[in-house]
Amino acid sequence: MSGGSHAGDPARTLGVVECFHAVIRQCPHASARAVAEHALATIEREGAAALAEQAYLVLTAVRGWRGERAAQVKRSLEAFLAR
């Protein structure tokens, strides 16, 4: 495994669901955590077709979150949405 794929590497691009879990576990803003929890429930119910919309909603919800992990989550969600 290369250094760039290590789970703790802040330069690594996270998967969308991985981003949601990071928000739930690490974001200090309760409202953003609630949006991420709702996003996971929606994807479980509606499937992959809901990913883009939920990624956008979570990205919007974490605007005020700062720090290295926040930057990684935002960058990863932005890269997913740009595809």
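Every number here is computed from the coordinates shown, using simple stated rules; none is lab data. Not measured: the values here are computed from a predicted model. Please note: Cβ atoms are built from the backbone with ideal geometry, for glycine as well, and neighbour counts cover all protein chains shown.
Only Lys, Arg, Asp and Glu carry charge here, each on its Cβ (+1 for the first two, -1 for the last two); on that basis region 14-82 has a dipole of about 300 debye about its Cα centre.
Per residue, the chain reaches -21000 deg cm²/dmol at 222 nm when only DSSP H runs of four or more residues are counted, each adding -39500 (n - 2.57).
Report the extension gain between GLU78 and GLU18 in nm, rounded to one decimal, defined as 0.36 nm multiplied by the number of residues separating them, less their alpha carbon distance. This chain segment gains 20.2 nm when fully extended.
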